[in-house]
Each structure stands twice: as structure tokens, then as C-alpha cells.
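Everything below concerns the one structure shown next.
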Amino acid sequence: MTHVPPPNSVEQLMQRAEALAGLSLADIAKELNIAVPKDLRRDKGWVGQLFEAALGAEAGSKPEQDFLHLGVELKSLPLNAAGLPLETTYVCVAPLANVTGLRWEDSLVYHKLQRVLWIPVEGERQIAIGARRVGMPILWQPTTRQQQQLKQDWEEIMELISLGKVSQISARHGEVLQLRPKAANSKAMTNSIAEDGSMQQTNPRGFYLKTQFTTQILRDYFG
DNA sequence: CTTTGATCATAT
DNA sequence: ATATGATCAAAG
């Protein structure tokens, strides 16, 4: 695979991202010598990893922003034919134990969403992976209102977790941020707080941005 | 058709 | 087991 060095500045990162706009995923993959899968069933993260390679993000599984030195997180955003998000956006894993005293400003959600480079891409299953086209990138920072919405949802969900009610939290909680399973399968287990305050085992969860929220981001940017 | 809960690949 | 990258697919 061709190697792209990390960008030296946000400007350079944006130039690279803008250069991808209008290209198909096959175009980008060819330049990087990366094979295009037939479908994403067994390669669910392929598009995101392709963008990481094309933009010079550090490949890794660290709980940090993709471009830590620039303070930027990279996210692909699959869109339908109407230009609206097809999927929720994964943010990070949710802490289910040892959460006493954890504040919003210290949370992983807060840090990851301080600045995000969104790369819109056609995502309908009827379009072959390689034929899907990339859109103009959006460098986004949450508005005061968006920060408030995220904080409120986060605090509500974290309170339930701290009270040992994680099993009662469904994806319907939260206006813009939701909690959902995030694991290899439903049998995977991690420590969480029980209602009596002791430790119990539950399926790991992650925070996701609802499509309504990312729709709003697109709307604010493109009109 | 949309959303919720489940799942896949890979690195550490 | 936990983190990254997410989409799949059953249910509503």
C-alpha cells in the first residue's frame, strides 16, 4: 500500500480532503494500491480506513483523535440519494464502570467531537463500493447549541450508568447522542455498575450520533 | 423505510 | 477484553 505521511497542518489536511471530492472509491483505492471489496459485509470499516490511508492518518486503535497533533477527528459519512445520512455515527466506547466524578469536559465524547473532518460519501447498497463517489469535506466544530445538546444527552446517559441502570438504556434515550451495543457480538461482556452498586457483567456499549444530528451538520454547511 | 440491537475485521 | 473503523439485518 502506498504510504501518505501525516499532514503538517489543517490546511494541508483540507487540501488533501478536497482533492478526494468527486473521485470514486475505486479511484482512491487504485492510487493507494488497496483492493476494493465486493461489499462491506465483512469489511464494514473499509471506507473509513481508505480515507485514513489517503489523508495520512495514523493507523491504530488508540482512543484519540485521528490527527492528534492537529486536534482533528476523521469520520466518513455515508449518504443516501437525497444527500442524507444513512447511518448513525460511532463516536467512542462508553465507560460503564468507575464513572464517579466523570465530567462532560473530561469525557471521550467531548474530546473526540471538538473538531471533526467529515467526508461525505455515497452509501447506498445498490451502488457498487468502487463506484461510490466522495463529496466535499466538512471541517466541523460543534456550535454552542450542539455542545449543549451533546452534554445534556451525555449527562443523562452517564447518570443512568452510574445508577446501575445501563440495561434499561435503549437507543431511544438522548436527542442527538445515543447508547448502543458496541461489541463483537451479544455474548461479549465487560464490567458495569449494578443497581446495588456492585459490579456486574454486561454487553459493551458505545456512543453514537443520531442521523438527525449529522443531517443538521450537513444542512448548516451546505444550506 | 427507518431505527435499534447485533455483528464483522483488525490491532493491541 | 478493549479499542479502532463502521454497516448489517431484524424489528417496528
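A few comments on the model shown:
- Going by accessible surface with a 1.4 Å probe and the largest first, A:175, A:73, A:105 read A:175, A:105, A:73.
- Gyration tensor verdict on the stretch A:120-223 (Cα atoms; rounded if a/c is under 1.5, prolate if a/b is larger than b/c, oblate otherwise): oblate
- Three-way shape label, the stretch A:1-70, alpha-carbon gyration tensor, a/c 1.5: oblate
- Charge sum, other residues only, whose C-beta stays under 13 Å from residue A:57's C-beta, Lys/Arg counted +1 and Asp/Glu -1: -2
- Per-pair calculated FRET efficiency, R0 = 25 Å: residue A:111 and residue A:195 via Cβ, rounded to 0.05: 0.25
- Over chain A, relative contact order from alpha-carbon pairs under 8 Å, at least 6 apart, %: 21
- For the pair the stretch A:170-194 / the stretch A:115-155, the C-alpha centres are spaced 21 Å from each other.
- Given +1 at the Cβ of Lys and Arg, -1 at the Cβ of Asp and Glu and no other charges, the dipole of the stretch A:133-221 around its Cα centre is 480 debye to the nearest 20.
- Exceeding the 27 Å Cα-Cα cut-off - candidates A:182/A:210; A:165/A:210; A:30/A:182; A:44/A:165; A:44/A:112; A:44/A:210: A:30/A:182; A:44/A:165
- Other residues within the sphere of radius under 14 Å centred on the Cβ of residue A:3, judged by their own Cβ, net out at -2 (K and R +1, D and E -1).
- DSSP bridge pairs, chain A: antiparallel proportion in percent, nearest 5: 75
- Surface composition of the stretch A:50-192: carbon and sulfur make up 48 percent of the accessible area, probe 1.4 Å.
- Pairwise label distance in nanometres, residue A:125 with residue A:187, each label 7 Å out on the Cα-Cβ vector: 2.5
- Chain A, accessible area per residue, ligands and nucleic acids excluded (1.4 Å, Å²): 55
- Here the Kirkwood formula, the inverse mean of 1/r across different C-alpha pairs, assigns the stretch A:10-222 a hydrodynamic radius of 18.3 Å.
- Residues whose amide H falls under 5 Å from that of residue A:177, counting only those 5 or more places apart or on a different chain, are A:210, with hydrogens built in the peptide plane.
- Each peptide in A:142-154, A:191-203 receives the mean, over its residues, of other Cβ atoms within 10 Å, and ordering these scores from highest gives A:142-154, A:191-203.
- Label point distance in nm, residue A:19-residue A:220, each placed 7 Å from Cα along Cα→Cβ: 2.9
The values are calculated or read from the model by the stated rules, or taken from the named source; none is laboratory data. As the structure is a prediction and not an experimental result, all values here were calculated from the model. Methodologically, a virtual Cβ is constructed for each residue, glycine included, from the backbone with ideal geometry; neighbour enumeration extends over all protein chains shown. For accessibility, only protein heavy atoms count, side chains too; no ligands or nucleic acids. Shrake-Rupley method; radii C 1.70, N 1.55, O 1.52, S 1.80 Å.
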